[in-house]
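S.K.: Sharing a structure here in structure tokens format.
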Amino acid sequence: MPQLKPSLAPDAMALAFDEAKAAALRGEVPVGAAVVRDGVLLASAGNRTLELMDPTAHAEMLALRLACEAIGSERLIGCDLYVTLEPCPMCAAAISFSRIRRLYFGAGDPKGGAVENGVRLYESPTCHHAPEVYGGLRESEAATLLKDFFRERR
């Protein structure tokens, strides 16, 4: 795995965590995401699958849509995505299709992840675009946020 680049990782991850915490307050799984280009926040979002009754309304999907709208393109060339949890297969594919430059994520997801776990989409020869991936940012904090949320639900 490449070494973490200094860029905006701490600030952008803080925004992703803010979105994750807001999602938890709405009763959604606490995952948040932020899209940044050239030091500018283009979009941020938290999970809204229950609120929108939409199984595709993951934080990453919503943030990607908002960022595309903000720049007027379906391609997010030169953009970086920060997310609190390793993306699932759906989100990993959308990240690839949108041409995100770098993906930074917090906690790995052995059960549902598709980047470092599961299908490892970006290692597949059929993957058209693989972003640079940097996992483990504030990993224990992200994992604790999720564990606490699900503990309260049981």
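The values are calculated or read from the model by the stated rules, or taken from the named source; none is laboratory data. Everything numeric in this text was worked out from a predicted model, so none of it was measured. Using ideal geometry, Cβ is built from the backbone for each residue, glycine included, and neighbour counts are taken over all protein chains shown. Areas reflect the complete protein model, heavy atoms only, side chains present, ligands, DNA and RNA absent. Shrake-Rupley method; radii C 1.70, N 1.55, O 1.52, S 1.80 Å.
S.K.: Averaged per residue, what accessible area in Å² does the chain show with a 1.4 Å probe, protein chains only?
M.R.: Heavy-atom accessible area per residue stands at 50 Å².
S.K.: Quick one: dipole size for the chain, taken about the Cα centre, charges +1 on Lys/Arg Cβ and -1 on Asp/Glu Cβ, in debye to the nearest 20.
M.R.: Computed about the Cα centre, the dipole is about 140 debye.
S.K.: For Asp54 and Glu74, what does the FRET efficiency come to when R0 = 25 Å and r is the distance between their Cβ atoms, rounded to the nearest 0.05?
M.R.: Rounded to the nearest 0.05, the efficiency is 0.85.
S.K.: Scan around Leu42 for amide H atoms under 5 Å from its own, H built in the peptide plane at 1.01 Å from N, and keep only partners 5 or more places away or cross-chain.
M.R.: The answer is Val35, Val36, Arg37.
S.K.: Starting from the 7 Å offset along Cα-to-Cβ, what nm value, one decimal, do you get for the label separation of Asp11 and Arg26?
M.R.: 2.5 nm
S.K.: For all pairs of alpha-carbon atoms in segment 42-121, what percent lies in each bin of width 10 Å, listed from the first bin to the last filled one?
M.R.: All Cα pairs, binned at 10 Å, distribute as 20, 54, 26, 1 percent.
S.K.: So which GluC sites (Glu not before Pro) in segment 1-102 end up in coil per DSSP with only 13 or fewer other C-beta atoms within 10 Å?
M.R.: Glu74
S.K.: OK, next. Give me a comma-separated list of calculated 3J(HN,Hα) values for segment 58-71, in order, Karplus coefficients 6.51, -1.76, 1.60 applied at θ = phi - 60°, integers in Hz, x for any Gly or Pro.
M.R.: 6, 3, 4, 4, 5, 5, 4, 4, 5, 5, 4, 5, 5, 9
S.K.: Counting only protein heavy atoms and a 1.4 Å probe, tell me what percentage of the chain's accessible area is made up of carbon and sulfur.
M.R.: Exposed carbon and sulfur together represent 56 percent of the surface.
S.K.: Work through the residues other than Leu145 whose Cβ is under 15 Å from its Cβ and net out their charges, Lys, Arg +1 and Asp, Glu -1.
M.R.: Working: positive: Lys21, Arg26, Arg138, Lys147, Arg151, Arg153; negative: Asp18, Glu19, Glu28, Glu86, Asp109, Glu139, Glu141, Asp148, Glu152.
Taking every other residue near Leu145 into account, the sum is -3.
S.K.: Then there's this: Which semi-axis lengths, in whole Å and largest first, follow from the square roots of five times the eigenvalues of the Cα gyration tensor of the chain? If you can, show how the numbers build up before the last one.
M.R.: Numbers: eigenvalues 92, 58, 49 Å².
For the chain, the ellipsoid semi-axes come out as 21, 17, 16 Å.
S.K.: Further question on the same structure: For the chain, what does the helix formula give at 222 nm: sum of -39500 (n - 2.57) over DSSP H segments with n ≥ 4, over the residue count, nearest 500 deg cm²/dmol? Don't skip to the end; give the middle numbers.
M.R.: Numbers: 5 runs with 58 residues, N = 154.
So the calculated ellipticity at 222 nm is -11500 deg cm²/dmol.
S.K.: Let me ask something else about it. What residue among Phe150, Ser140, Gly39 has its Cα farthest toward the positive end of the dipole of the chain, where the charges are +1 on Lys, Arg and -1 on Asp, Glu, each on the Cβ?
M.R.: Phe150
S.K.: Just to verify a number: FRET efficiency for Arg101 and Ser124, C-beta to C-beta distance, R0 = 22 Å, to 0.05? Mind dumping the intermediate values first?
M.R.: On the way: r = 19 Å, r/R0 = 0.86.
With R0 = 22 Å, the Cβ-Cβ based efficiency is 0.70.
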